[in-house]
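So the structure is just underneath, and the comments pick up after that.
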Amino acid sequence: MFPEQWSDPDAVRRAATVLGDDARVNAPLGALTTSRVGGPAAVAYVANGLSDLQRAAEAAATSGLEILIVGRGSNLLVADRGFEGIALFLGDAYAQIEFDRANATVTAGAAAALPVLARQCAVPGIGGLEWAVGVPGSVGGAVRMNAGGHGSDMASCLIDADIVDLEAGTGATRDVSTLDLNYRSSGLQNRHVVVRARLSGRRAPSSKVTDQIADIVRWRREHQPGGQNSGSVFMNPPAESAGAHIDQTGLRGLRIGTAEVSRLHANFIVSDPDGTAADVVALMAEIRRRVAESTGIVLQPEVRMVGFETAPTPS
């Protein structure tokens, strides 16, 4: 089935043909994100090795469709109409985690979940990565956007990463110094797929690591909402807090349709169970408009917008 909702169903057909029986057409995408709003992907495909990644690249070249590399969906907002492209997921082959206690290093596949990595570090007694328990994303996504929290980030602990260039069809190990990691960004392009990361920690008693993780989890429960949300919606301005600006503008609890500014943390937007991405985007635009009007600061989205023609702008 090649739904007519897509502007070029023939391109969807060509991509699916190249990917073979493992391709899923009109596959859930928005529902797999932490906001759980938004539509499907035209095609979805799970890669478990270099040959799979090369096949995905071939499908994109043959069809002309864009590839979207999807981690755990914690920083994605998918349009209600969906994403007319190839949603590429990394499978279990890329989710392995290995520990070197003697050198206090961790080697993790890009599909490994950050909270899992943080918790598993307690077993061999490797500290320094406790912050990752508070980031509900994948290792690969964390490298790509230099994810962080609780006083640390990927740039502070990444040693190197294995990167596959989909255009070239080859992979290489790149030192952290070559990745241009900055606040919630990196120099990686859409064609780059992070498949593995090597991280540095420090030797620490398992009990201490466990206690610090518990403290972070407790803090998150007290200060950040659960439910359907994409995490921090806007990036912090230099030396300032986006959440503080939103809060001081009096926007906690502001609602548009099925989306509401969290009453627990103003830089979170929580969606109703039957929510729409359109309502989230409308609320983002209104937040930006009011904060800009009140403070002169134009907040920039941290959440990645997928399938939208334009990003939210102040009106």
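The values are calculated or read from the model by the stated rules, or taken from the named source; none is laboratory data. Keep in mind that this is a model prediction, so the values were computed, not measured. FYI the Cβ positions are ideal-geometry reconstructions off the backbone, even for glycines, and counts take in every protein chain you see. Quick note on the areas: whole protein, heavy atoms, side chains included, nothing else; ligands and nucleic acids left out. Shrake-Rupley method; radii C 1.70, N 1.55, O 1.52, S 1.80 Å.
So here's what we get for this one:
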{"quantity": "Region 122-136, residues that are out of contact with any strand residue (DSSP E or B) (no Cβ under 7 Å at 6 or more places or on another chain) and open to solvent by 20 Å² or more (accessible area, probe 1.4 Å)", "calculated": "Val123, Pro136"}
{"quantity": "Residue in region 14-30 that is charged (D, E, K, R), in contact with a Leu (Cβ under 7 Å, 6 or more places away or on another chain) and open to solvent by 20 Å² or more (accessible area, probe 1.4 Å) present", "calculated": "no"}
{"quantity": "Conditions (1) touching a residue at least 40 places away in the same chain (Cβ under 8 Å); (2) open to solvent by 30 Å² or more (accessible area, probe 1.4 Å): number failed by Ala277", "calculated": "(2)"}
{"quantity": "In region 137-154, residue nearest to Leu50 (Cα to Cα) [restricted to those that are open to solvent by 30 Å² or more (accessible area, probe 1.4 Å) and not small (Gly, Ala, Ser)]", "calculated": "Arg144"}
{"quantity": "Boolean, Ala197 is surrounded by 15 or more Cβ atoms within 10 Å (Cβ to Cβ), over 14 Å from the mean Cα position of the chain (by Cα) and in contact (Cβ under 8 Å) with a residue 40 or more places away in the chain", "calculated": "yes"}
{"quantity": "Qualifying position, being out of contact with any Gly (no Cβ under 6 Å at 6 or more places or on another chain) and aliphatic (A, V, I, L, M), among Leu90, Leu65", "calculated": "Leu90"}
{"quantity": "Single residue of region 36-51 satisfying the filter (more than 25 Å from Asp274 (Cα to Cα) and in contact with an Asp or Glu (Cβ under 8 Å, 6 or more places away or on another chain)) that is surrounded by the fewest Cβ atoms within 10 Å (Cβ to Cβ)", "calculated": "Asn48"}
{"quantity": "Test: Glu260 is open to solvent by 70 Å² or more (accessible area, probe 1.4 Å), at pLDDT 95 or above and within 21 Å of Ser74 (Cβ to Cβ)", "calculated": "no"}
{"quantity": "Test: residue in region 98-114 that is under 30 Å from Val270 (Cα atoms) and surrounded by fewer than 16 Cβ atoms within 10 Å (Cβ to Cβ)", "calculated": "no"}
{"quantity": "Scope region 20-51; condition of a type in the set (Asp, Glu) and in contact (Cβ under 8 Å) with a residue 12 or more places away in the chain; matching residues", "calculated": "Asp22"}
{"quantity": "Filtered residue count, region 155-180, keeping only those that are more than 16 Å from Ile69 (Cβ to Cβ), crowded, with 21+ Cβ neighbours inside 10 Å and touching a residue at least 24 places away in the same chain (Cβ under 8 Å)", "calculated": "2"}
{"quantity": "Search result, residues across region 52-69 that are under 30 Å from Ser271 (Cα atoms) and open to solvent by 10 Å² or more (accessible area, probe 1.4 Å)", "calculated": "Leu65, Glu66, Ile67, Ile69"}
{"quantity": "Only one of Ala42, Ala113, Ala61, Ala57 that is under 21 Å from Leu199 (Cα atoms) and not aromatic (Phe, Trp, Tyr)", "calculated": "Ala113"}
